[in-house]
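Structure first, commentary second.
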């Protein structure tokens with residue numbers, strides 16, 4: 001019974017102590033800013049007796065970390081970290097008894113932003129080092145653009161604080177011509193995703209490059225989209241699919257894709273150094289992948305090559321996207337050749353029929369002549385025989 005009372009009093013004292021710390025206006029405050037997905041270090045130092053201490057990290061709504069070091073037989077009870085902090089925190093264990101209770105928080109998200117309290121409990125006293133105000137930021141990493149369903153789409157994900165998206169064109173056009181629809185959503189982890197589209201029906205007669213700029217309080221990035229004219233080709237032909245970006249750009253990452261998702265090749269260029277990787281399925285189709293930074297050369301087109309090709313060039317500030325449709329059609333020369341051959345054969349057959357008819361006519365004529373001539377010879381021979389008989393009779 002005495003032990004239970006002791007435990008209750010200790011726990012009650014701890015709760016009162018934490019409540020006092022949380023509501024103290026004289027507590028020193030530090031501001032810490034971290035990038036999303038990184039490790040964030042929250043400093044905390046205390047006066048250690050070198051024997052043992054219980055280190056607790058809290059927010060106003062959750063336990064972040066609670067760990068014992070050294071001899072802590074004087075501590076009653078334990079507070080477990082909430083699920084969203086489990087396996088994401090650690091302390092510099094070898095330095096805790098030296099007075100270092102700094103917390104390392106891994107894979108931070110905007111949801112982790114807020115005030116953190118470091119409490120150290122020793123045998124003779126409890127100590128609060130101060131309040132850490134954590135701010136997590138996530139810059140615009142990538143702007144994606146593509147053409148689909150008669151609209152140009154622009155998208156950027158994982159941004160904090162909230163971004164702004166703006167459209168423009170090159171050459172500039174009347175902004176009133178472009179009806180765009182933009183949607184911004186916040187995820188459970190606090191990131192913002194933004195997506196917008198411009199309907200091409202509004203500007204179907206205008207040949208321009210579309211530019212999408214996404215920015216927030218940290219930085220801005222933009223993407224530039226160019227739709228090339230469709231390439232019509234026949235099986236067995238050689239084609240060059242263009243990739244458009246400024247010639248002065250000498251450091252970039254390039255990616256060729258087929259039908260928006262199938263990887264063809266990637267290239268990393270830094271000055272004169274180039275490293276190219278072609279996917280296994282495309283090695284037999286791609287000629288000279290080293291030139292893919294200007295065009296993708298396919299030396300022997302087959303029907304399966306029909307579809308949309310996308311060249312994406314990513315620099316430090318801008319992403320250039322070039323999209324080209326390849327349409328594989330039957331070779332028009334083949335039917336012409338077939339028709340020519342059939343015509344020649346028909347002519348030869350017709351000519352052969354005429355020759356045969358002529359020969360047949362000649363044969364029939366010749367046979368008729370021979371038959372008539374034979375009858376005439378027979379008639380002459382018969383008359384000669386009759387005359388001979390008459391003469392012989394007279395002689396008798």
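Any read-out appearing in this document is the output of simple, stated calculations on the displayed coordinates, not a laboratory observation. Everything numeric in this text was worked out from a predicted model, so none of it was measured. For neighbour counting, all protein chains shown are included, and Cβ atoms are generated from backbone atoms with ideal geometry for every residue, glycine included.
For the peptides 236-243, 29-36, 129-136, what is the packing order when you average, over each peptide's residues, the other Cβ atoms within 10 Å and list the highest mean first?
Descending mean neighbour count gives 129-136, 236-243, 29-36.
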> Given the stretch 27-152, what percent of its DSSP beta bridges are antiparallel, to the nearest 5?
Replying inline: 80
> Using 7 Å Cα-to-Cβ label points, what is the residue 78/residue 185 separation (nm, one decimal)?
Replying inline: 4.1
